[in-house]
Amino acid sequence: MSDYIENLFQDLSYSGREEEIRSLFSSEDVRIERICSSGQTSGIYDQEEDEWVLVLDGRAQILFVDEGETHRLKKGDHLYIPAGCRHQVTYTSDPCLWLCVFWGKIAR
């Protein structure tokens, strides 16, 4: 059974140019990812799946585009983003470590 144990904080990579996205678990119903950011921002996402994000280290800002609401997240803060909610990552610290859980219509 110990072969199944992995450490979330092992092998973190912050390149500066692109986020490092690592899939931790995936099934028909759920996908869990670890994301290492280092100052990156994003375009506007309009996902067909629900998402829950947790900032494990650092800080980030997510704009809910249609509502005009900016959510400022720090270490330990988490946020639910419903499917169809257009959102954009407008800031990440260097480093910023995320845990993201997706469910609903899972894109593979």
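Computed from the coordinates by the stated procedures, all read-outs in this text should not be read as laboratory data. For clarity, every value in this text was computed on a predicted model and none was experimentally measured. Because the Cβ atoms are built from the backbone with ideal geometry, glycine has one as well, and the counts that use them run over all protein chains shown.
Regarding segment 32-53, can at least one residue be identified that is free of Cβ contacts under 8 Å to residues at least 24 places away in the same chain, among the aromatic types (Phe, Trp, Tyr) and over 22 Å from ASP11 (Cα atoms)?
No, that holds for no residue.
Just give me the residues in segment 19-43 being closer than 23 Å to LYS74 by Cβ and either small (Gly, Ala, Ser) or exposed (fewer than 11 other Cβ atoms within 10 Å of the Cβ) (or both), in sequence order.
Answer for segment 19-43, where residues must be closer than 23 Å to LYS74 by Cβ and either small (Gly, Ala, Ser) or exposed (fewer than 11 other Cβ atoms within 10 Å of the Cβ) (or both): SER37, SER38, GLY39, SER42.
Condition check ((1) charged (D, E, K, R); (2) part of a loop (DSSP other than H, G, I, E, B)) across all residues:
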| residue | (1), (2) |
| --- | --- |
| ASP3 | yes, no |
| GLU6 | yes, yes |
| SER13 | no, yes |
| PHE25 | no, no |
| GLU33 | yes, no |
| GLN61 | no, no |
| THR70 | no, no |
| CYS85 | no, yes |
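Taking VAL53 as the residue in question, decide whether it is among the hydrophobic types (A, V, I, L, M, F, W, C) and under 15 Å from the mean Cα position of the chain (by Cα).
Criteria met by VAL53.
In segment 85-105, what residues are touching a Leu at 6+ places or on another chain (Cβ under 8 Å) and more than 13 Å from ILE35 (Cα to Cα)?
Residues satisfying the conditions are HIS87, GLN88, THR90.
Looking only at segment 57-74, which residues are crowded, with 18+ Cβ neighbours inside 10 Å, touching a residue at least 24 places away in the same chain (Cβ under 8 Å) and within 18 Å of LEU8 (Cβ to Cβ)?
Within segment 57-74, GLY58, ALA60 meet the criteria.
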